[in-house]
1. Rounded to the nearest 10 degrees, what's the angle between the helix 17-29 long axis and the longest principal axis of the chain, both from Cα atoms, 0 to 90?
2. When all alpha-carbon pairs of the chain are counted, what percent fall beyond 28 Å?
3. May I ask you to derive the relative contact order of the stretch 250-381, considering only C-alpha pairs under 8 Å and at least 6 residues apart, and to give it as an integer percent?
4. Taking the simple approach of a point 7 Å from Cα along Cα-to-Cβ for both Lys273 and Asp333, what is their distance in nm?
5. Mind checking the angle between helix 98-108 and the chain's longest principal axis? C-alpha axes, 0 to 90 degrees, to the nearest 10.
6. Collect residues whose amide H, placed 1.01 Å from N in the peptide plane, falls under 5 Å from the amide H of Tyr36; neighbours closer than 5 in sequence don't count.
7. Just to confirm the number: angle between the C-alpha axis of helix 155-176 and the first principal axis of the chain, 0 to 90 degrees, nearest 10?
8. Calculate the length of the line joining the C-alpha centroid of the stretch 68-126 to that of the stretch 166-223, in whole Å.
Amino acid sequence: MLKKVAILANGGDVSGFNAVIRAIIKTAENNGVECYGYIDGYRGLLKNNYVRLSTVASATASGILPKGGSIIGSSTNANVFNYKIEKEDGTVEYQDLSDVCVQNVKEAGFDCIFTLGGDGTQKSARDFSLKGINVIGVPKTIDNDVACTDITFGYNTAVSVAANALDRLHSTGETHHRIMVLEVMGRYAGWIALESAIAGGADVALIPEIPYDINRAVEKINGRRSRGKEFSIVVVAEGAIEKGGSLTIAGTRNNGEGVDNTKLGGVGVKVAKQLEELTGLESRCTVLGYMQRGGTPTAFDRVLSTKYGAKAMELALEGKFNVLTVIKNGRLDYVPLEDVVGNNKKIGAVSGNTKESNIRKVSMDDDLVKTARHIGICLGD
């Protein structure tokens with residue numbers, strides 16, 4: 001019988017984290033189950049750092065529905081299967097400390113761990129399930145690229161922020177006869193760029209799935225000018241790649257295997273410069289950055305997050321572990337974590353944009369792509 005469960009939030013923050021946490025806690029409380037939260041994701045699991053979460057007794061989780069971020073923190077670089085250790089002599093080595101985490105869970109008496117996160121988070125969740133820990137994943141990522149689900153929580157808020165930014169860029173672009181470029185998140189998947197471009201009335205959308213020819217964007221912009229439109233709006237995903245080119249990288253980190261050490265940035269500025277040189281129109285780039293992650297979640301994300309959290313706890317109560325809660329064809333469902341991991345079978349293996357990964361990218365037959373083409377948005381091909 002389920003008695004104690006714990007939640008961890010991992011990866012980059014998104015609006016909706018707290019709504020999921022709240023839904024898990026409320027459903028647990030309604031079924032006599034105690035809830036705890038690991039502080040700072042998998043790092044908290046390793047350090048055995050957790051707190052009691054309640055909407056009743058200590059009220060640690062009261063009033064968090066509209067709050068951005070995560071009340072229990074998160075971590076973007078804690079791969080406990082290959083953890084970075086800085087030794088006293090200044091040298092660095094990487095160790096598999098996952099067994100320490102397993103022991104911590106067993107000693108605490110947690111019957112299930114809820115893992116809120118994206119591809120890397122759920123890969124580690126699957127790996128822990130192979131070590132005998134009951135886990136249930138909840139799909140979180142700004143980029144909307146977790147496999148096996150139609151949508152992740154946090155994504156809708158990011159798109160709404162981007163669309164609002166495009167509305168504002170329209171007025172300044174039209175006033176000063178400029179090309180306004182908006183760089184949005186999207187490392188390997190262009191969902192935010194594509195959907196915000198449609199919602200925000202953009203003329204060009206460049207996404208990672210379609211290597212772009214800058215001359216196609218120039219043709220679109222010049223076509224508008226020939227019709228008296230002296231400004232254009234361009235959306236660029238941070239992971240967009242020019243034909244024959246590579247990712248635009250701002251820097252790299254050294255946090256070991258199992259986390260994405262590449263820091264993207266600069267493609268928006270690159271595109272703006274190219275367009276200015278080729279069209280003669282002044283171009284300006286706005287990098288939306290962390291604005292997409294922070295702040296109050298939309299009503300849609302609050303509802304979606306609550307549905308995910310309640311479903312996750314329902315699955316735990318039913319004893320259905322080692323799965324990911326998903327939305328399939330608009331309905332709540334679940335899939336084995338093995339399906340989410342895909343061919344990335346090795347424990348502790350690198351997750352993310354590898355041949356073995358199973359992240360969800362934009363397909364060319366997706367309705368969003370078809371819609372964009374129908375209304376004349378240039379996709380750079």
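1. 30 degrees
2. Values: 33479 of 72390 pairs.
Considering the chain, 46 percent of its Cα-Cα pairs are separated by more than 28 Å.
3. 16 percent
4. According to this spin-label approximation, the distance is 4.6 nm.
5. Tilt relative to the chain: about 50 degrees.
6. So Tyr36 has HN proximity to Val5, Ala6, Ile7, Leu53.
7. 20 degrees
8. Comparing the Cα centres of the stretch 68-126 and the stretch 166-223, I get a distance of 38 Å.
All of the numbers you see were taken from the coordinates with simple rules; none came from a lab. These figures come from a predicted structure and were not determined experimentally. When we count neighbours, we look across all protein chains shown, and the Cβ atoms used for this are built from the backbone with ideal geometry, even at glycine.
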